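Okay, so here's the structure we're looking at.
The values are calculated or read from the model by the stated rules, or taken from the named source; none is laboratory data. Predicted model only: the values in this text are computed from it and were never measured. Ideal geometry is used to build each Cβ from the backbone, glycine not excepted, and the neighbour counts take in all protein chains shown.
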Amino acid sequence: MIVVSDTYSEKKIAYKSVMKFFLLTFLLFLGTMTNSLSQSRNQFGTSLNIPVEKYELANGLQVILHKDNSVPIVSVNIWYYVGSANEKQGRTGFAHLFEHLMFEGSEHARDGLYDQIIDGSGGQNNGSTGFDRTNYWSIVPSNYLEPVLWLESDRMGFLLPGITQERLDLQRDVVKNERRQSYENQPYGMSWMKIFESLYPEGVPYHWLPIGSQEDLTAASLDDVKDFFRLYYAPNNASLVIGGDIDIPKTKQLVEQYFGGIPRGKNIPRPSSQDVSLKETKRVVLEDNVQLPRLYLFWHSVNMFEEGDASLIILSDILSSGKNSRLYKSLVYEQQIAQDVSSFNEGNVLDGYFGIVVTAKEGYTLSDMEKAINDELKKIMLSGIEARELQRSKNSIRANFIYQLQQLGGFGGKTDLLNQYNVFFGNPNRFNEDLQRYQNVAKEDVQHAAAKYLEMNKRVVLSIVPKGKLELGAKP
Amino acid sequence: MKSLIIYILLLSMTTNAFSQLDRTIQPQPVALPTLQLPTIQRAELANGLKLLIVEHHKLPVVTMQLVIQTGADADPNGKSGVARFTASMIDEGTKTKSSLEIADAFDFLGAQFSASASFDGSFLSVLFLKEHLEKTFELFSDVLLNPTFPQNEFERLQKELLTSLSQQKDRPQTVATNVFNKILYENHPYGNQISGDSTSVTNLSVNDIENFYKTYYLPNNATLIFVGAITKKEAIKISETFLGQWKKKSLATQKIQASKNPDSTMMYLVDKPGAPQTEIRIGNIGAPRSTKDYFTLSVAQHILGSSSGRLFLNLREEKGYTYGAYANFSFRKFAGPFVASAGVKTEVTDSSLIEFLFEINRMREETVPDTEFTMYKTAVIQRLLRMFETPSQISEQLASLVLYDLPDSYFSTLSNKYERVSQNDVQAISQKYLLPQRLVIVVVGDKEKILQPLEKLRIGKIVFCDTEGNVLK
């Protein structure tokens, strides 16, 4: 998932170093909430069923409570159904800039009080902005639930009095620094922008990344901030999950007390799907300050959790997860022509994409990489996959699903997953249905998905090459 | 009945009435909950292998971590990278299984195996589902006891590592950290990268790996930590079955040379033409994990360098120079570095350095004001509540007991130890450990734009380095 993440956590540096991994695998992990429940229900009893209570306030705020008293902490996780897909070209980066402002103070909790209370409690908080949604979370000792709800409701209901031109200018600088830090001053850092510019037409959502452009960030005005807030940061566009060491009746009362009076907003306009299909292969070459060339192959795939999505996720596993995966084994392990390879399928609300990324070893060109990848893809399209490969992938997916239930809060934690299901499907407890999708995938489904979605002549081929070495790029 | 309904209506009216809520009153936390600390159970096999077990039955998941108490600080001279390389070779072949077969077996179980090394230790860990205990343990013990370190796999990994070391030059963040360590520690092992550098890795052979393995991968130099859906009885039984034959041997003692701070502050510049940001590292040699100042230093580093600390608030939240500024002490067996860091916009490189030095000096010169001090100290104490949530987190905590020889009761004493830290203590240790006159300052950025402003600062002689920390003439 393409997200811009704003860490206020003490592990920030460590976190950022895994950011690329995170970008590539976040939804993959969310997506890997596999089944096997069908095989394992007897063994695990009800331990995989997440007990939740969902209800809606009169103002439209959706509330999901999950009690888990095993540790004395509480996770407050809130998703707003707005992301960079809601932006207009020429005003990119706005949803994310706005996310930064959410930490800067609201009418009754001014000037950094948000961080002071949460960090001062020994807790953690963070937020991220994606194409389709923006999320915020905090984890605090459970006795801080009420202060956190006060803060969270204040910035939902009373943000604007806290936002001044000065605050806006300052966070604009911070976001520009983030862009430098995470994109411009990173090797291969501009690749994602190029890919999405090439994959989606001008003016269409997903053509630009949540981080936006430096020029558009400069252009964002205080009026833009206010309009954006009034439209999108309304209770009827939000989903609140509270999980952990809570008392359900008491928590319900607090939620009503702090959020109940925030007025419902207008109906939210949603961006619509458009025909984004590629008519032919697009080749793009970009020079960068890097030692080794890297190739990116991207296709349009399917929307989040639609037919084909599970098969494509399993396909990506079979292509590049573990030493025995097809691309790793062939390119990295046996031929040793590549330094690393990864692949992923990600479904978003309006569209999905499948990507393969490979770094060539010294002495090899990206044409070599493209050919080697094509060969492996063709094998799958023609001869399908082995039963053991499929089962290995299903087993890992099932295990990963259980592993990720270990953590209550944070990105990809239990409370985040509940919100993801709720925002996109209106049902937080969709674990079982989601799991079943993977279990249902047959060998032929993976073969068909490869043939149907990974067409050789309709894809984006991005070559990033060392400065002055255009000849290393992938040629038709 | 009717009156009850009215009562409920009234009650809900009072609690629901938005207008009645006075938002200017900041609600205060209720009484702090208590954390049930994990119960640590111990056992030892006849060969000296220690077992630490924490039962955690929330999910059918177990994590197992073997901690070997020797890491990269035992890399032989000129052969940095051996400890890490040994760990990465451990699952590349056993007497009965090939590299690919091992990977397939772990993956088929959905088990996540990893092997790594730090300066202080080497670690093999695996996260798996309880239902696969037997199979996972059998595999785990096979890679641990029967590695064959095949020549062809060694060569493959060596090439891969050399390539990735060359790729490091692309990342100014990594360059800055590596150059900083190399300059600060000179020939001390902490001046090396754990993965080694291109020269040392080129010189490695399978022999070096085998030697490291034979010398240090010993039951009497190791602790196996179990956390998850497993009982003490099960853990002992399976360890005896599969690791009972692991032979103990006498252990070589380690000698490490002393490290020393520079006599005066020096600045090292690595040119990265056209870079939109400058990566900054500033620091000196800190303290070992065993220092009696550990708790005071932990509070001090939180005040100065955490994500709600002074550097972050100053350089990011007030000035907008950076996406984040931090500082921390690396506590290891020997004195690790104290380092403050940030990536800052090129144009404000000099201004950022001024702020870094200002905050470092402020820690030394002023007592931290009461409210600020209470907030930071409370944070340090209360964050313990979320450090024991998952089996992996608990296992991490237990590994620190093993590596630094701390008692099982350690976690239950933490709050009190932090509680006793005073503002004067923090100022005193800042004077002792933050040394503005003896700093190593590394900047990686666009020389053409930053050199002149940096020269004007006059905070130390400026020396030019390449991306590997070699001084350029």
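Give the residues of the stretch A:223-248 that are touching a Ser or Thr at 6+ places or on another chain (Cβ under 8 Å) and part of a helix (DSSP H, G or I), sorted by residue number.
From the stretch A:223-248, those touching a Ser or Thr at 6+ places or on another chain (Cβ under 8 Å) are A:241-246; that's our starting set.
Listed by number, the list is empty, since nothing qualifies.
Residue-by-condition table, conditions (1) in a loop (DSSP other than H, G, I, E, B); (2) of a type in the set (D, E, K, R); (3) within 14 Å of chain B (Cβ to nearest Cβ):
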residue: A:W79; (1), (2), (3): no, no, no
residue: A:G90; (1), (2), (3): yes, no, no
residue: A:H96; (1), (2), (3): no, no, yes
residue: A:E104; (1), (2), (3): yes, yes, yes
residue: A:D111; (1), (2), (3): yes, yes, yes
residue: A:G127; (1), (2), (3): no, no, yes
residue: A:D132; (1), (2), (3): yes, yes, no
residue: A:N135; (1), (2), (3): no, no, no
residue: A:S138; (1), (2), (3): no, no, yes
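If A:V465 satisfies every condition in (1) modelled with pLDDT under 95; (2) more than 24 Å from the chain's Cα centre (by Cα); (3) buried (at least 23 other Cβ atoms within 10 Å of the Cβ) but one, which is the exception?
(1)
So, restricting to helices (runs of 4 or more DSSP H) that lie completely within the stretch B:366-438, which ones have at least 1 residues that are farther than 17 Å from A:G120 by Cα and facing another protein chain (nearest Cβ under 10 Å)?
B:391-403
Can you name every residue in the stretch B:233-251 that is surrounded by 16 or more Cβ atoms within 10 Å (Cβ to Cβ) and closer than 13 Å to B:I53 by Cβ?
B:E234, B:A235, B:I236, B:I238, B:S239 - these are the residues of the stretch B:233-251 that are surrounded by 16 or more Cβ atoms within 10 Å (Cβ to Cβ) and closer than 13 Å to B:I53 by Cβ.
Looking at the stretch A:201-231, which of its residues are closer than 12 Å to A:S84 by Cβ, surrounded by 21 or more Cβ atoms within 10 Å (Cβ to Cβ) and not β-branched (V, I, T)?
Of everything in the stretch A:201-231, those that are closer than 12 Å to A:S84 by Cβ, surrounded by 21 or more Cβ atoms within 10 Å (Cβ to Cβ) and not β-branched (V, I, T) turn out to be A:P205, A:Y206, A:W208, A:L209, A:P210, A:G212.
Determine which member of the set A:I242, A:I195 is buried (at least 21 other Cβ atoms within 10 Å of the Cβ), farther than 30 Å from A:L65 by Cα and touching a strand residue (DSSP E or B) at 6+ places or on another chain (Cβ under 8 Å).
Working: A:I242 fails: farther than 30 Å from A:L65 by Cα.
Being buried (at least 21 other Cβ atoms within 10 Å of the Cβ), farther than 30 Å from A:L65 by Cα and touching a strand residue (DSSP E or B) at 6+ places or on another chain (Cβ under 8 Å) holds for just one of A:I242, A:I195, which is A:I195.
Is it fair to say B:K456 is surrounded by 15 or more Cβ atoms within 10 Å (Cβ to Cβ) and at pLDDT 95 or above? Show your work before the answer.
Values: surrounded by 15 or more Cβ atoms within 10 Å (Cβ to Cβ): no; at pLDDT 95 or above: yes.
Judged against the criteria, B:K456 is not a match.
Checking B:S400 against (1) over 22 Å from B:A340 (Cα atoms); (2) loosely packed, with under 15 Cβ neighbours inside 10 Å: exactly one of these is not met. Which one?
(2)
Taking the stretch B:37-83, which residues are touching a helix residue (DSSP H, G or I) at 6+ places or on another chain (Cβ under 9 Å) and of a type in the set (S, T, Y)?
B:T63, B:T70, B:S80
If you take the residues in the stretch B:264-290 that are among the basic types (K, R) and within 25 Å of the chain's Cα centre (by Cα), which one is nearest to the other protein chains (Cβ to nearest Cβ)?
B:R281
Read through the list (1) without any contact (Cβ under 8 Å) to a residue 60 or more places away in the chain; (2) more than 9 Å from every other protein chain (Cβ to nearest Cβ); (3) among the polar types (S, T, N, Q), then give the number of the only condition that A:S121 fails.
Failing condition for A:S121: (2).
Among the residues in the stretch B:273-286, are any within 27 Å of B:Q69 (Cβ to Cβ) and among the charged types (D, E, K, R)?
No - not one qualifying residue is present in the stretch B:273-286.
Do you know which residues across the stretch B:34-54 are away from every other protein chain (no Cβ under 14 Å) and of a type outside the set (S, T, N, Q)?
Listed by number, the residues that qualify are B:I40, B:R42, B:A43, B:E44, B:L45, B:A46, B:G48, B:L49, B:K50, B:L51, B:L52, B:I53.
Hey, could you check the stretch A:248-269 for residues that are among the charged types (D, E, K, R), surrounded by fewer than 16 Cβ atoms within 10 Å (Cβ to Cβ) and touching a residue at least 24 places away in the same chain (Cβ under 8 Å) and say which is farthest from the other protein chains (Cβ to nearest Cβ)?
The qualifying residue farthest from the other protein chains (Cβ to nearest Cβ) is A:K266.
In this structure, is B:F137 at pLDDT 95 or above, aromatic (F, W, Y) and either surrounded by fewer than 19 Cβ atoms within 10 Å (Cβ to Cβ) or within 19 Å of B:M267 (Cα to Cα) (or both)? Can you show your working first?
Values: at pLDDT 95 or above: yes; aromatic (F, W, Y): yes; either surrounded by fewer than 19 Cβ atoms within 10 Å (Cβ to Cβ) or within 19 Å of B:M267 (Cα to Cα) (or both): no.
No; evaluated as a whole, the condition is false for this residue.
Do any residues in the stretch B:197-226 that are charged (D, E, K, R) have Cβ atoms under 8 Å from those of residues that are in a helix (DSSP H, G or I) and surrounded by 21 or more Cβ atoms within 10 Å (Cβ to Cβ), where the two are at least six apart or on different chains, and which pairs are they?
If the second residue must be in a helix (DSSP H, G or I) and surrounded by 21 or more Cβ atoms within 10 Å (Cβ to Cβ), the pairs left are B:D197/B:L165; B:D208/B:V82; B:D208/B:F85.
Among the helices (runs of 4 or more DSSP H) confined wholly to the stretch A:154-221, which include 2 or more residues that are within 8 Å of chain B (Cβ to nearest Cβ)?
Numbers: elements: A:165-179, A:191-199, A:214-219.
Here the list reads A:165-179.
Which pairs turn up if I take residues in the stretch B:154-181 that are within 7 Å of chain A (Cβ to nearest Cβ) and look for partners that are of a type in the set (A, V, I, L, M) and crowded, with 19+ Cβ neighbours inside 10 Å with beta carbon separation below 7 Å, at least 6 apart in sequence or on another chain?
B:Q167/A:L292; B:K169/B:V175; B:D170/A:V290; B:P172/B:A275; B:P172/B:V444
Residue by residue through the stretch B:102-135, note down the ones that are part of a helix (DSSP H, G or I) and either among the basic types (K, R) or within 19 Å of the chain's Cα centre (by Cα) (or both).
B:K130, B:K135
Residue by residue through the stretch A:286-311, note down the ones that are within 14 Å of chain B (Cβ to nearest Cβ), among the charged types (D, E, K, R) and surrounded by 19 or more Cβ atoms within 10 Å (Cβ to Cβ).
Passing the criteria: only A:R294.
Please specify each residue of the stretch B:83-101 satisfying the condition of being away from chain A (no Cβ under 14 Å) and in a helix (DSSP H, G or I).
B:A83, B:R84, B:F85, B:T86, B:A87 - these are the residues of the stretch B:83-101 that are away from chain A (no Cβ under 14 Å) and in a helix (DSSP H, G or I).
If you check B:S430, B:S395, B:S352, which single one turns out to be under 26 Å from B:F119 (Cβ atoms), touching a helix residue (DSSP H, G or I) at 6+ places or on another chain (Cβ under 9 Å) and either surrounded by 18 or more Cβ atoms within 10 Å (Cβ to Cβ) or outside the structural domain of B:V299 (by TED's automatic domain parsing) (or both)?
B:S430
Write out, first by first residue and then by second, each pair whose Cβ atoms fall under 7 Å of each other, whose residues are 6+ apart or on separate chains, and whose first residue, in the stretch A:207-218, is within 23 Å of A:S272 (Cα to Cα) and in the same structural domain as A:S128 (by TED's automatic domain parsing) while the second is crowded, with 17+ Cβ neighbours inside 10 Å and aromatic (F, W, Y).
Qualifying pairs under 7 Å: A:H207/A:F196; A:H207/A:Y200; A:W208/A:F196; A:L209/A:W192; A:L209/A:F196; A:P210/A:F131; A:I211/A:Y183; A:G212/A:F94.
Go through (1) facing chain A (nearest Cβ under 9 Å); (2) buried (at least 24 other Cβ atoms within 10 Å of the Cβ) and name the single condition B:L311 misses.
Evaluating B:L311 over (1) facing chain A (nearest Cβ under 9 Å); (2) buried (at least 24 other Cβ atoms within 10 Å of the Cβ) leaves (1) as the failure.
Could you tell me whether B:F411 is among the aromatic types (F, W, Y) and closer than 23 Å to B:A340 by Cβ?
no
If you go through the stretch B:102-135, how many residues are out of contact with any Phe, Trp or Tyr (no Cβ under 7 Å at 6 or more places or on another chain), closer than 21 Å to B:L52 by Cα, within 8 Å of chain A (Cβ to nearest Cβ) and not acidic (D, E)?
3
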